[in-house]
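Here's the structure, in structure tokens; my notes come after.
The values are calculated or read from the model by the stated rules, or taken from the named source; none is laboratory data. As the structure is a prediction and not an experimental result, all values here were calculated from the model. Note that we place each Cβ from the backbone using ideal geometry, even for glycine, and neighbour counts take in every protein chain shown.
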Amino acid sequence: MGVLQRQLLVIAVLLAGTCMLGAQETTVHVGMVRSISSVATLNAIEKGYFKEVGIKVLTEDLDTSANMIAQLAQNQLQVIEGGISAGYFNGLEKGLPITIVMDRVSSPLGHNLMLRPDLKDQITQLKQLKGKVLASNGAGSVSTYEVGKMLESDGLTISDVDVKVFPFTQMAIAFANKAIDAAIVIPPFTSLFLSKGQAVAFKDPDDLVTPHPLTISVDMVNTDWAQANQDLLRKYYTAYLRGVRDYCQAYHGGANRAELIELALRSGTETRRELLTEYPWPARSPDGRINVESMLDMQRWYTKNKFSTAQVPANRLVDTRYIDYAVQKLGPFVLENRDSKLPGCR
């Protein structure tokens, strides 16, 4: 065999090996409701964390958490990242193969129950909202739960206000047209509304909603698929948690912050640079932890207020096995910027 033939044979073997490695990658379909916190997943993909454990992640944008439960239950998506809602508890009650695995956004939330500017001096207590029009992004959303819990702290219930559903992007217009008196608002809209004088801060759910901390956005999996792919899921969440911890370092102003800002902009996760550089990012747990007592309280509240009929035990609400494995594998999270005073992502 000549030198050229030997070289060609070596190249062929290498190419065959590369193809075999590619073929061994398992594809996981992940649906995401876009948020700055999505950067953790995108970062894990870009850094090759998933690839290192033989996983190829294909992401799909989702508009709302309402649509994603059905797609997850039907295994059109194996993992979804989005907000908690009454729909999740209703899905469990119906026996759908879904469960929450880890947090995606948790306290401190940066949410605020905001008022129309002209009501600033007229409404100073929550009980004065009785009969007022209040905007939420969804009737059975976790935001409505937050509002309900806040009202209860001052003797009202959610039925004492007129809840109207508005996307966050439409709330400023609704304030300007006096179509609403108050709204439960999330970052970056809280800071945006304040900076433009479109609303005034009134009450912070982090001060009033218990049990605390509160998780409002999560990772969910299809349990039938998970049962058949437990080792794969352990690897998936170990790789993903590496991306989450990178996100937490950037959240605290770590050396990688500029890199993750550029990733958010390049991916279209956020198009306004100033919202990434000037305002707080959503907080999350570097260990993916969820306060189960808070989840149980949500379930009780949704049932009491007729958004749900679910009465599901704690071990069905959250499955911590995969994130427990990932934390054990990676060890404790060590904050790079120890001078950071931000309370989240710790």
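Observations on the model:
- Only residues that are acidic (D, E) and either in the same structural domain as V142 (by TED's automatic domain parsing) or part of a helix (DSSP H, G or I) (or both) were counted in the stretch 278-336, giving 3.
- Residue match in the stretch 182-192 (condition: buried (at least 16 other Cβ atoms within 10 Å of the Cβ), farther than 29 Å from L275 by Cα and not assigned by TED's automatic domain parsing to the domain that holds R300): no
Conditions tested, residue by residue: (1) more than 17 Å from D297 (Cα to Cα); (2) surrounded by 22 or more Cβ atoms within 10 Å (Cβ to Cβ); (3) in the same structural domain as L58 (by TED's automatic domain parsing); (4) not β-branched (V, I, T).
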| site | (1), (2), (3), (4) |
| --- | --- |
| A73 | yes, no, yes, yes |
| L77 | yes, yes, yes, yes |
| R116 | yes, yes, no, yes |
| K130 | yes, no, no, yes |
| S141 | no, yes, no, yes |
| E146 | no, yes, no, yes |
| L151 | no, yes, no, yes |
| G155 | yes, no, no, yes |
| I158 | no, yes, no, no |
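- Answer residue from the stretch 297-315, given it is out of contact with any helix residue (DSSP H, G or I) (no Cβ under 6 Å at 6 or more places or on another chain) and buried (at least 16 other Cβ atoms within 10 Å of the Cβ) and is nearest to G110 (Cα to Cα) among those: D297
- The strands (runs of 3 or more DSSP E) located wholly in the stretch 58-116 that include 1 or more residues which are in contact with a His (Cβ under 8 Å, 6 or more places away or on another chain) occupy 79-83.
- Within the stretch 23-57, the only residue that satisfies the criterion of being closer than 25 Å to L276 by Cβ and exposed (fewer than 14 other Cβ atoms within 10 Å of the Cβ) is G48.
- Counting residues in the stretch 3-26 that are at pLDDT below 95, under 27 Å from P167 (Cβ atoms) and of a type outside the set (S, T, Y) gives zero.
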